[in-house]
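Worksheet for the structure shown next.
The values are calculated or read from the model by the stated rules, or taken from the named source; none is laboratory data. All values reported here derive from a predicted model rather than from experimental measurement. Glycine gets a Cβ as well: all are built from the backbone with ideal geometry, and neighbour counts include every protein chain shown. Please note that ligands, DNA and RNA were not included when accessible areas were found on the heavy atoms of the full protein model with its side chains. Shrake-Rupley method; radii C 1.70, N 1.55, O 1.52, S 1.80 Å.
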Amino acid sequence: MCSLEKILVIGSANVDFVVDVEDMPALGETLLCKEFQKVPGGKGANQAYACGRLGGDTMFLSVVGRDELGDVLIENLKRANVCTKAIRQAGQANTGMAIVYVDHAGDNSIVVVPGANSLCDVAYLEQNLRYIEDSSIVLLQMEIPFESVCYAVRRAKALGKTVILNPAPVPEYIPEDIYQGLDFITPNESEFKRLTGCPSEELEDIAAYGQKLLAQGVRHVIVTLGGRGAILITQEGWQCYPPPSVKVVDTTAAGDTFNAALARKLAEGCTPQEAIQFANYASALAVSKPGAQPSIPSYAEVVQFIQSTR
Ligand code: RIB
């Protein structure tokens with residue numbers, strides 16, 4: 001394998017309590033379901049796990065509780081070869097949790113109880129600054145305190161790193177210097193709509209509204225479009241990359257897998273276009289299986305899948 005640049009993922013770690021429902025509960029409705037599954041999740045941990053599964057040289061900064069769920073999350077990351085040595089196990093909070101409803105179409109609704117993720121603060125990141133210095137690519141999402149994300153983006157950019165922000169969930173406001181620090185921003189359609197006000201699902205409109213983010217200083221805008229793949233918008237123009245078709249079982253962690261695969265291929269020296277196409281295949285495999293981390297494919301599985309569709 002060629003030499004890979006180091007990827008640092010900074011973000012949340014949750015245990016997901018997954019409840020399968022036929023349809024999402026309506027307001028005021030009570031539903032009965034047979035059972036729930038408990039699986040490793042959290043956008044940050046999913047992205048770190050996926051980078052590791054996809055063969056990336058991956059380090060993860062995160063805070064979990066000093067409890068059994070925290071141990072389970074760390075052990076799972078280790079199984080994917082993620083370096084977990086700087087993950088903090090805090091005594092004063094429980095490991096983050098998420099309630100994930102998955103309906104018959106594989107779509108989900110998620111409620112997160114951050115717990116120890118709230119302790120992934122600027123002081124913790126300052127203590128671990130050497131890992132930002134040590135990496136080439138820094139991958140972030142928004143399930144840790146907002147100031148921590150801003151701190152990491154500013155530090156990483158000042159150090160000349162490639163910064164990828166998956167703005168999930170979308171914050172109320174992103175300061176201009178944060179946009180300027182982003183090499184890639186990777187919202188899904190609803191996040192993109194909230195960020196830019198784009199009223200339409202037409203690709204031409206998405207491309208036009210993507211200009212707003214470019215004007216703020218982002219270098220590459222990638223909007224993930226579910227079954228339509230992903231659109232890349234840059235100063236040079238835009239292009240949509242359709243995904244392979246698969247039977248959708250559960251979309252949880254599809255975006256996380258996409259972001260990780262993007263980072264993994266950039267770490268190999270691939271172009272954004274090549275990285276997006278690989279990421280489409282990786283996330284297609286993720287939606288064809290249930291759960292967050294249990295659905296994330298290995299590098300070999302993605303390569304085999306690509307070859308099988310040629
Ligand atoms: O992106 C999916 C993840 O969002 C879930 O694993 C859940 O924990 C929430 O963070």
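Laid out as a table, the results:
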item: Evaluated over segment 240-310, the Cα radius of gyration and Dmax, each in Å; result: 11.1, 32
item: Shape category assigned to segment 98-145 from the gyration tensor of Cα positions, a/c cut at 1.5; result: oblate
item: Lysine pair number, Cα distance threshold 23 Å (strictly under), segment 1-129, separation 8 or more or different chains; result: 6
item: Dipole in debye (nearest 20) - segment 12-59, about Cα centre, beta carbon charges: Lys, Arg +1; Asp, Glu -1; result: 280
item: Selected from F278, V111, G197, residue furthest toward positive end of dipole (the chain; charges at beta carbon); result: F278
item: Label zone at K85 (point 7 Å along Cα-to-Cβ), backbone N below 16 Å, segment 237-280; result: none
item: Per-residue [θ]222 nm for the chain (sum of -39500 (n - 2.57) over DSSP H runs n ≥ 4, rounded to 500); result: -11000 deg cm²/dmol
item: Solvent-accessible heavy-atom area per residue, rounded to whole Å², over the chain at 1.4 Å; result: 44
item: Loop GluC sites (Glu not before Pro), segment 201-310 (other Cβ atoms within 10 Å of the site Cβ: 10 or fewer; DSSP); result: E202, E236
item: Sequence-separation-based contact order of segment 162-234, relative, with Cα cut under 8 Å and 6+ spacing, percent; result: 32
item: Dipole magnitude of segment 234-306 about its Cα centre (Cβ charges: Lys, Arg +1; Asp, Glu -1), debye to nearest 20; result: 160
item: Pairwise FRET efficiency - E176 versus E201, Cβ, R0 = 30 Å, nearest 0.05; result: 0.65
item: Shape call, segment 47-125: gyration tensor on alpha carbons, a/c limit 1.5; result: oblate
item: Segment 57-140, relative contact order in percent, only Cα pairs under 8 angstrom and at least six apart counted; result: 30
item: Label-to-label distance, nm, for residues given as L31 and A208 (7 Å Cα→Cβ offset); result: 3.7
item: Restricting segment 113-193 to GluC sites (Glu not before Pro) in coil, as DSSP defines it, with at most 11 other Cβ within 10 Å; result: E172
item: Computed E for S298/C270 - FRET, C-beta separation, R0 25 angstrom, nearest 0.05; result: 0.90
item: Three-way shape label, segment 160-310, alpha-carbon gyration tensor, a/c 1.5; result: prolate
item: Carbon plus sulfur fraction of accessible area for the chain, probe 1.4 Å, in percent; result: 49
item: For the chain, built as a Gaussian network whose Cα springs stay under 10 Å, the top-fluctuating residue of S298, S245, S136; result: S245
item: Relative contact order computed over the chain (Cα-Cα under 8 Å; 6+ residues apart), in percent; result: 19
item: DSSP beta bridges in the chain [antiparallel fraction, %, rounded to 5]; result: 40
item: Cα centre as origin, Lys/Arg/Asp/Glu Cβ charges: segment 149-230 dipole, Debye; result: 440
item: Simple label model, 7 Å out from Cα along Cβ direction - V111 to D23, nm; result: 2.0
item: Where trypsin sites (Lys or Arg not before Pro) fall in DSSP loop in segment 206-297, at most 15 other Cβ within 10 Å; result: K247
item: Whole-Å semi-axes of the ellipsoid equivalent to the chain (Cα gyration tensor, √5λ, descending); result: 25, 24, 20
item: Ratio Rg/Rh [Cα only; Rh per Kirkwood] for segment 10-141; result: 1.03
